[in-house]
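Remarks on the structure that follows.
The values are calculated or read from the model by the stated rules, or taken from the named source; none is laboratory data. Note that the coordinates shown come from a computational prediction; the quantities given were computed from them, not determined experimentally. Neighbour counts run over all protein chains shown; Cβ positions are idealised from the backbone, glycine included. With ligands, DNA and RNA removed, areas are computed over all heavy atoms of the protein, side chains included. Shrake-Rupley method; radii C 1.70, N 1.55, O 1.52, S 1.80 Å.
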Amino acid sequence: MLVTLRTGIAALALFPFFMYRKLVPEFTRQWKPILFLAIANTAVPFCLFSYSTYHLGAGYSSILNATAPMFGALVGFFWLKDNLSKIAVFGLFLGFMGVLLLSLSKIYAVVEVVYLPILAALVATFGYGLSACYSKKYLTGVKSLTIAAGSHYFSLIILLP
């Protein structure tokens, strides 16, 4: 419910600016990639992080959330053919190892199984990284307000049920 409420408030707050800037035609032309972003960058990750945070706590969820730029770099490398320097590869390796070590400490520190909440957070951050690359590839030149507002409108529709 909190995720839906948060998305709804954002959609309502963006609506007057969206209408004032007359962005409906641009939104209508770009609705398919914006819908993808609504799913991959807003609706699904918000739900997955809610689940993850409930089971892991905010501290561990925020550590896992730090993998978003790392996934963005990996997706950019494999999909968009972005270059990664040796130091960047080392940084990615170090970052993922740090998250792995912290996650392992959580797994062994508690009796309950936390694999699924950790996986949920990582899938969410992968969605963030994928969305950043997707925007770069398919939404270059589209106004950021169109993307933000449209993504929240679609996310609200997805989350309402």
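For Kirkwood radius over Cα pairs in Å, pick the label among (i) 22.9; (ii) 17.0; (iii) 16.0 that corresponds to the value derived from the coordinates.
(ii)
Using only helices, what value at 222 nm comes out for the chain when you add -39,500 (n - 2.57) per DSSP H run of length 4 or more and divide by the total residues, to the nearest 500 deg cm²/dmol?
-25500 deg cm²/dmol
Using a 1.4 Å probe on the protein chains only, how many percent of the accessible area of the chain belongs to carbon and sulfur?
So the carbon and sulfur contribution to the accessible surface is 74 percent.
Using +1 at the Cβ of each Lys and Arg and -1 at the Cβ of each Asp and Glu in the chain, identify which of A148, H55, L92 lies farthest towards the dipole's positive end.
Going by the Cα projections, it comes out as A148.
Tell me, what HN-Hα J-couplings in whole Hz come from the Karplus equation 6.51 cos²θ - 1.76 cosθ + 1.60 at θ = phi - 60° for each residue of segment 145-161, using x for Gly and Pro?
My calculation for segment 145-161 gives 5, 4, 5, 5, 5, x, 5, 6, 5, 5, 4, 4, 4, 5, 7, 3, x Hz in order.
Starting from the Kirkwood radius over alpha-carbon pairs of segment 1-72, derive D by Stokes-Einstein at 10 °C in a medium of 1.306 mPa s and give it in µm² s⁻¹.
Estimated via Stokes-Einstein, D reaches 111 µm²/s.
For helix 86-109, report the angle its Cα long axis makes with the longest principal axis of the Cα atoms of the chain; keep it between 0 and 90° and round to the nearest 10°.
Approximately 70 degrees, to the nearest 10.
With every protein chain kept in place and ligands, DNA and RNA left out, what is the accessible area per residue of the chain? Probe 1.4 Å, answer in Å².
60
Among 39-50, 55-66, 141-152, 5-16, what's the highest-first ranking by average C-beta atoms within 10 angstrom per residue?
39-50, 141-152, 55-66, 5-16
Label-point separation (nm) for L80 and K137, each offset 7 Å from Cα along Cα-to-Cβ?
Inter-label distance under the simple model: 1.0 nm.
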